[in-house]
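Below is one structure; the comments refer to it alone.
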Amino acid sequence: DVAFSKKRVIDNLRLCADTCPTWIQTCVFDIDGAPPKDDEVQAYIDFLSLVISENIPVKGILLYSIARQSHQPEAPRLSKPSSIWISHLTQKIRDLGLTVKYSS
């Protein structure tokens, strides 16, 4: 478990993005057949909005899901979200003005 303040994450992201081309890599998955909750998705969108309002020059979002079987104890509980759910998330990110690349 790693705890960082939002300010520290923003500061680190700014440092990276000011130094070299930076993409925000984001993995999404269902747990027990359910996608991330609406409030979790909104928190992520709010974070991306903050990145934009702070003028952090990210290239965009690299969005992906589970590509191969995990060997973690929780693996049986994890699966890919539906393509419809992924499409909705992708559109929410694009509505912010960010480029999204999705790898399934």
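The values are calculated or read from the model by the stated rules, or taken from the named source; none is laboratory data. Being a predicted model, the structure only gives us computed values, none of them experimental. Cβ atoms come from the backbone with ideal geometry, glycine included; neighbour counts cover every protein chain shown. Heavy atoms of the whole protein, side chains included, go into the accessibility calculation; ligands, DNA and RNA do not. Shrake-Rupley method; radii C 1.70, N 1.55, O 1.52, S 1.80 Å.
Observations on the model:
- Folded to 0 to 90 degrees: helix 83-95 orientation relative to the chain principal axis, Cα: 10
- Applying both filters, DSSP loop and at most 15 other Cβ atoms within 10 Å, to the trypsin sites (Lys or Arg not before Pro) of segment 42-102 gives LYS59, ARG68.
- Charge dipole (Cα centre; +1 on Lys/Arg Cβ, -1 on Asp/Glu Cβ; no other charges) of the chain amounts to roughly 320 debye.
- Share of carbon and sulfur in the accessible heavy-atom surface of the chain [1.4 Å probe, %]: 53
- The residues of segment 27-104 expose, per residue, 65 Å² of accessible area to a 1.4 Å probe.
- When both bridge partners sit in the chain, DSSP labels roughly 25% of those beta bridges antiparallel.
- At the listed q of 0.11, 0.17, 0.18 Å⁻¹, the Debye profile of the chain, built from one uniform point per Cα, gives log10 I(q)/I(0) equal to -0.38, -0.88, -0.97.
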